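All remarks here apply to the structure that follows.
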C-alpha cells in the first residue's frame, strides 16, 4: 500500500497541468464511460494506477484495483445504475461533483438481500486531477437515504 507522500511523488512524475474545463470534461467522460455504460475496465483511462481513495472502506485494496473492486460491487448489486451529474465546480486541480445515482437493487449489497426497490441516492465527490487522471478521491453519499430506501432503516416521513 502506498502512503500519500509516495503516491504524490509517483503521480508528480510526468505531471501536466490541465484546465478546470478539461478536468470537468474528464469527469463527465468517466461518468458516461464507466458508470453509465457499466464499463469497469475503462477505469484505467480515468484513474492513476496509484490513486488514493480517501473514503474507501477498510480493507479495500489501494490504487486503481480498489476503485475497480468498489465499482464492481456497486454495479453488481444495482442494475440499471445511472448517474446524472447535477453540478460540477472546479478550482485549480480539484473538481467537486454533485450527482444523483438511480438504480434498482437486484443483488446482495452490504449483506442486504435484493429488495427490487428503485433507489435514488445523492453523492458529492471531490477529485484531484493530475497528468490527465484522477489521483485523489473523496466521496460522500447519502447512506441514510440509501438504507431508508432499501427498507433497512425506517423512514422519517
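A few points about this structure:
For (1) under 11 Å from the mean Cα position of the chain (by Cα); (2) buried (at least 17 other Cβ atoms within 10 Å of the Cβ), each residue gets a yes or a no:
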{"position": "53", "(1), (2)": "yes, yes"}
{"position": "63", "(1), (2)": "no, yes"}
{"position": "79", "(1), (2)": "no, no"}
{"position": "87", "(1), (2)": "no, no"}
{"position": "116", "(1), (2)": "no, no"}
{"position": "139", "(1), (2)": "yes, no"}
{"position": "150", "(1), (2)": "no, yes"}
{"position": "154", "(1), (2)": "no, no"}
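- Verdict on residue 100 being within 22 Å of residue 115 (Cβ to Cβ) and surrounded by fewer than 17 Cβ atoms within 10 Å (Cβ to Cβ): yes
- Any chance residue 92 is buried (at least 16 other Cβ atoms within 10 Å of the Cβ) and either in contact (Cβ under 8 Å) with a residue 24 or more places away in the chain or within 12 Å of the chain's Cα centre (by Cα) (or both): no
- Residues of segment 49-82 that are in contact (Cβ under 8 Å) with a residue 60 or more places away in the chain, within 27 Å of residue 104 (Cβ to Cβ) and in a loop (DSSP other than H, G, I, E, B): 55 alone.
- Residues of segment 84-111 classified as closer than 17 Å to residue 149 by Cα, at pLDDT 95 or above and part of a strand (DSSP E or B), total: 6
- Condition check for residue 109: out of contact with any strand residue (DSSP E or B) (no Cβ under 6 Å at 6 or more places or on another chain) and in contact (Cβ under 8 Å) with a residue 12 or more places away in the chain: yes
- Condition met for residue 152 (outside any strand (DSSP E or B) and modelled with pLDDT under 95): yes
The values are calculated or read from the model by the stated rules, or taken from the named source; none is laboratory data. Quick caveat: nothing in here was measured; it's all calculated off a predicted structure. Every residue, glycine as well, gets a Cβ built from its backbone with ideal geometry; the counts of neighbours run over all protein chains shown.
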